[in-house]
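Visitor: Structure below; questions to follow.
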Amino acid sequence: MRVPIDPIGKPFTLRLRRYEMRWVTLTIVVLFLTAYTSLGAEAPEWTFDEPDAEQELKNWIDLNQLEPLKIEKVKDEKGRERKVLVTKSLGDDPYMFPGGGWNQADYDPFSGKEYHVLYMGVRVNKPDRWQIYWVSKEDTNWSEAQHQDFTVDAVDEFQDIEVDITAGDWQKKTILRFRIDPGTSPGVVAEIDYISFRGPVGEREAQALSPGGKLAILWARLKRQKALTRGE
Ligand SMILES: [Ca+2]
């Protein structure tokens, strides 16, 4: 077959290929950007460690039946120093809004499907029922329909607790804001080392101290993800 020659003298098919290549490149870039933005915002995490501790605390407002929140340096049972948020309940309905208030937040909306485990490092003076309430894009009303209870019994020693949130269709929703009720009775003193939807910070810190820590963390994350998928 004769290849048509354009005025510049290059075979037409070659020019076409270059023209197509531009489109292929552009398509790849667009697809990549689409995939990247659809990943959504990363869920929030607070560690109360330097340098952000005081700034983190400033955005925790609209408290109910709680002594003013404070950040303290304490020692855990292994003698390790931890910077913690200290709460003390004054009634049977204490609550606080991490990173904002009932109608504002300093974090972006996040996927309940992707981030459905509440991770918390915590030590308490007595076991009690705690709660999490939330509002979502799908339901912007604060109500019992979007809440879950969980027990915290990490008495006298820090525990990394994981709460899989299965109530109120959390995993089908985009979470806008949430509140934590640190207990449901007066006199609950809690030392909260971190609150996160990304993973257990305590485990991360411990492993980071050991050689090959990063690999170990990655491996632990994969194992945990597998376990969660299996519903363990
Ligand atoms: Ca901490």
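The values are calculated or read from the model by the stated rules, or taken from the named source; none is laboratory data. Predicted model only: the values in this text are computed from it and were never measured. Cβ sites come from the backbone with ideal geometry, for glycine too, and all protein chains shown count toward neighbours.
Visitor: List, please: which pairs have Cβ atoms under 7 Å, are six or more places apart or on different chains, and start with a residue in region 43-60 that is among the polar types (S, T, N, Q) and end with one that is within 12 Å of the ligand (Cβ to nearest atom)?
Guide: Once the first residue is among the polar types (S, T, N, Q) and sits in region 43-60, its partners that are within 12 Å of the ligand (Cβ to nearest atom) give 47/194; 47/201.
Okay, residues lined up against (1) over 13 Å from residue 175 (Cα atoms); (2) among the small types (Gly, Ala, Ser); (3) within 16 Å of the ligand (Cβ to nearest atom):
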site	(1), (2), (3)
84	yes, no, yes
95	yes, no, no
105	no, yes, no
124	yes, no, yes
131	yes, no, no
142	no, no, no
145	yes, yes, no
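Visitor: On the basis of being out of contact with any helix residue (DSSP H, G or I) (no Cβ under 7 Å at 6 or more places or on another chain), surrounded by 16 or more Cβ atoms within 10 Å (Cβ to Cβ), part of a loop (DSSP other than H, G, I, E, B) and not hydroxyl-bearing (Ser, Thr, Tyr), does residue 183 make the cut?
Guide: Numbers: out of contact with any helix residue (DSSP H, G or I) (no Cβ under 7 Å at 6 or more places or on another chain): yes; surrounded by 16 or more Cβ atoms within 10 Å (Cβ to Cβ): yes; part of a loop (DSSP other than H, G, I, E, B): yes; not hydroxyl-bearing (Ser, Thr, Tyr): yes.
Yes, satisfied.
Visitor: Residues that are crowded, with 20+ Cβ neighbours inside 10 Å, at pLDDT 95 or above and not in a strand (DSSP E or B): does region 140-154 have at least one?
Guide: The answer is yes; a qualifying residue exists.
Visitor: Please work out which residue is surrounded by the most Cβ atoms within 10 Å (Cβ to Cβ), limiting yourself to region 71-93 and to residues that are without any contact (Cβ under 8 Å) to a residue 40 or more places away in the chain and assigned to a strand (DSSP E or B). Show your work before the answer.
Guide: Filtering region 71-93 for residues without any contact (Cβ under 8 Å) to a residue 40 or more places away in the chain gives 71, 73, 75, 78-81.
Within this subset, residues satisfying the condition of being assigned to a strand (DSSP E or B) are 71, 73, 75, 81.
Values: 71: 15, 73: 10, 75: 9, 81: 9.
Across region 71-93, the extreme among qualifying residues is 71.
Visitor: Show the residue pairs that are 6+ apart or on different chains and have beta-carbon atoms under 6 Å apart, the first residue being within region 118-147 and within 20 Å of residue 88 (Cβ to Cβ) and among the polar types (S, T, N, Q), the second being modelled with pLDDT under 95 and loosely packed, with under 15 Cβ neighbours inside 10 Å.
Guide: From residues that are within 20 Å of residue 88 (Cβ to Cβ) and among the polar types (S, T, N, Q), there are no pairs.
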